[in-house]
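Notes follow the structure.
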Ligand code: FES
């Protein structure tokens with residue numbers, strides 16, 4: 001294993017590091033970048049990293065939450081055992097998707113209200129903080145109701 005910590009430390013100001021490769025290397029780079037508080041490191045995961053899957057248990061999600069579909073003027077309930085995408089599909093609403101694992105952005109939807117509980121592996125910190133979009137294949141809601149532009 002190369003000295004990832006030293007490599008990240010010498011990253012010049014304004015330069016970005018793009019990381020893609022085996023899961024142990026990706027996790028090592030991520031952990032060192034987080035420890036050094038460097039936000040110029042970006043990742044391309046080919047599958048949801050096993051060590052991260054389920055790392056954050058749902059907050060207030062024991063009974064699920066509601067999603068208001070603003071373009072359809074309807075509300076659906078998302079139970080704890082279904083993703084938003086799956087709940088939409090059960091209502092006969094087809095949404096684009098590819099990975100269903102939070103790594104491709106194909107299912108990205110605009111958030112109109114509520115607070116997303118981001119569980120993807122691709123949005124950056126700024127995008128997460130803005131709360132403007134959500135990847136409905138994996139992410140959930142921190143609020144009882146989430147308003148989505150669907
Ligand atoms: S389908 Fe790939 S991120 Fe949702």
What is the Å³ per residue value for the convex hull set by the Cα atoms of the chain? 113
State log₁₀ I(q)/I(0) for segment 107-150 at q = 0.17, 0.29 Å⁻¹ as given by the Debye formula over alpha-carbon point scatterers of equal weight, solvent excluded. -0.36, -1.12
Estimated [θ] at 222 nm from DSSP helical runs (n ≥ 4, -39500 (n - 2.57)) normalised by residues in the chain, nearest 500: -5500 deg cm²/dmol
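What fraction of the DSSP beta bridges in the chain is antiparallel, stated in percent and rounded to the nearest 5? If you can, show how the numbers build up before the last one.
Values: 12 of 19 bridges.
For the chain, the DSSP antiparallel bridge percentage is about 65.
Decide, for segment 65-148, between rounded, prolate and oblate: order the square roots of the alpha carbon gyration tensor eigenvalues as a ≥ b ≥ c, take rounded if a/c falls under 1.5, and otherwise choose prolate if a/b is larger than b/c, else oblate. Kindly include the intermediate steps, with their values, before the conclusion.
Numbers: a/c = 1.59, a/b = 1.20, b/c = 1.32.
Verdict is oblate for segment 65-148.
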On C-alpha positions alone, give me the angle between the axis of helix 23-35 and the longest principal axis of the chain, in degrees, nearest 10. 80
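Computed from the coordinates by the stated procedures, all read-outs in this text should not be read as laboratory data. Here the structure is a predicted model, which is why all the values come from computation and not from measurement.
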